[in-house]
Amino acid sequence: MPDPRPDAERLYHAAWVLPVASPPIRGGWVAVRDGRVAAVGSGDPLGGSGRHATDLGDVAVLPGLVNAHTHLELSALRGRVAPAATMPVWVCDMLAARGLDPPSVEPILAAIGEAHASGTALVGDIGNSLATIGPLAESPVSAVVFHELLGFNLADPVGAVAAAAAAIARAPATDRVRVSLAVHAPYSCSPGLIRAVRDWLDREASRPTSVHLGESPEELQFLRDGTGPWRDLLGALRAWNADWNPPGTDPVSYLEGLRFLDDRVLAVHGVHLGDAALDRLAARGATLVTCPRSNQWVGVGAPPVTRFYRAGVRVAIGTDSLASVPDLNLFAELAAVRQLAPEVPARLLLSSATRGGAEALGFGAELGAIEPGKRAALIAVRIPAGVADVEEYLLTGIRPSAVRWLPA
């Protein structure tokens, strides 16, 4: 029986323990005290007594996963936006389905619960309002909520950023649910807006930011010569700025010229970034967040995951929203990543889904690995007896029914 004292140390034995920061431990254990990891190791730390210990059996214990990119505001759109041949078509369909009503709280709460049930401890959530802060604060899931700005012809981008900054300053954020600003994409945000967000970030040195980058071929066309479906959509939305001149370069070079890229940037998708652009992202210390199931749903193709790792860029993994994926199960996303990159070591992929995302979102000291002092946000994944390569097994598409959270 566990010691009933409130300060008692919990000791979990398992067939496998995956610290992430070090190799998997067969027959390992994790000691937890006051909600934190106290120690991790192998063998019997109690001289064979087993006192205060729980034998979890055939499970793998690992840190809670990190969904580095999703849009919880769009959770009510599940099943309402069909896959499309191109991203501009999908965006138009999504905007029509979304309408002008504010986000509904019930679908957001359900989505958060679904993510947590499948093993997610932390999310990077993109929204155009701050509607998800309250639901996240009521949940066990930690988060960075990115208040995303758009505007290609704003008369006062500095004022728009100031207003957004004031809104997030009033938001009921906590140390567990943090808030920052983000820009949507190079084709939807003016250079002035991108610079204004960058200036704000320079004054808020601890906050990460996000941008959709290199997601579609239409984005490359727009930056190259100012034509194509994104130009047409800006015109239809009366958002076009006739004074804007196309830079004639790739998305990474464009944002470099605006001083936007550094080690706090989560560059999301990168499906159509070339090797030179990936090398520059790596040199800037940015994180590339890959969401392959969503990429294929919205018609931009499969991301070149192997090239991401080959470039040396830090990689994190996200699901994107329920408007473009069937679920928020990051294990299902990992299975899709594994199919696209069979030669990338399983350990690297699991690190991207835990430690890489936690560090990118500014939670590296708290989450993402099983190390002394970090939060004991631990999951136990049921595995078949006799599994020899536990890391590879965890990339096969684990279902939520095989996942449980360990009391801290």
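The values are calculated or read from the model by the stated rules, or taken from the named source; none is laboratory data. Nothing here was measured: the structure is a model prediction, and the numbers come from that model. As a convention, Cβ positions derive from the backbone with ideal geometry for all residues, glycine included, and neighbour counts pool all protein chains shown.
Values computed for the structure shown
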| item | result |
| --- | --- |
| Some residue of segment 384-393 being under 30 Å from Gly285 (Cβ atoms) and buried (at least 16 other Cβ atoms within 10 Å of the Cβ) | yes |
| Residue pairs meeting the criteria (Cβ under 8 Å; at least 6 apart or on separate chains; first in the same structural domain as Leu237 (by TED's automatic domain parsing), in segment 87-112; second part of a loop (DSSP other than H, G, I, E, B) and loosely packed, with under 15 Cβ neighbours inside 10 Å) | Trp90/Pro83; Asp93/Ala82; Ala97/Arg80; Pro102/Ser129; Pro103/Ser129; Leu109/Glu138 |
| Residues of segment 141-164 classified as free of Cβ contacts under 8 Å to residues at least 60 places away in the same chain and in contact with a His (Cβ under 9 Å, 6 or more places away or on another chain), total | 4 |
| Filter result for Ala15 (closer than 30 Å to Ala353 by Cβ, touching an Asp or Glu at 6+ places or on another chain (Cβ under 6 Å) and either modelled with pLDDT of 95 or more or in a loop (DSSP other than H, G, I, E, B) (or both)) | yes |
| Hey, Ser118 closer than 30 Å to Ala196 by Cβ, of a type in the set (Ser, Thr, Tyr) and buried (at least 18 other Cβ atoms within 10 Å of the Cβ) or not | no |
| Residue identified as in contact with a Gly (Cβ under 8 Å, 6 or more places away or on another chain), surrounded by fewer than 21 Cβ atoms within 10 Å (Cβ to Cβ) and modelled with pLDDT of 95 or more among Val66, Val105 | Val105 |
| Unmet criterion (only one of (1) buried (at least 23 other Cβ atoms within 10 Å of the Cβ); (2) farther than 23 Å from Pro191 by Cβ) for Pro326 | (1) |
| Residues of segment 386-408 that turn out to be farther than 15 Å from His13 by Cβ, assigned to a loop (DSSP other than H, G, I, E, B) and among the aliphatic types (A, V, I, L, M), as a count | 6 |
| Any hit, segment 360-374, residues being under 30 Å from Glu218 (Cα atoms) and either in contact with an Asp or Glu (Cβ under 7 Å, 6 or more places away or on another chain) or surrounded by 22 or more Cβ atoms within 10 Å (Cβ to Cβ) (or both) | yes |
| Residue check, Ala173 at pLDDT below 95, more than 30 Å from Ala242 (Cβ to Cβ), out of contact with any helix residue (DSSP H, G or I) (no Cβ under 6 Å at 6 or more places or on another chain) and part of a helix (DSSP H, G or I) | no |
| Considering residues of segment 190-220 that are touching a residue at least 24 places away in the same chain (Cβ under 8 Å) and in a loop (DSSP other than H, G, I, E, B) only, the residue surrounded by the fewest Cβ atoms within 10 Å (Cβ to Cβ) | Ser206 |
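Rundown of residues vs (1) touching a strand residue (DSSP E or B) at 6+ places or on another chain (Cβ under 7 Å); (2) of a type in the set (A, V, I, L, M); (3) surrounded by 15 or more Cβ atoms within 10 Å (Cβ to Cβ), yes/no style:
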| site | (1), (2), (3) |
| --- | --- |
| Phe222 | no, no, yes |
| Thr227 | no, no, no |
| Ala236 | no, yes, no |
| Ala242 | no, yes, no |
| Asn245 | no, no, no |
| Asp250 | no, no, yes |
| Tyr254 | no, no, yes |
| Leu258 | no, yes, yes |
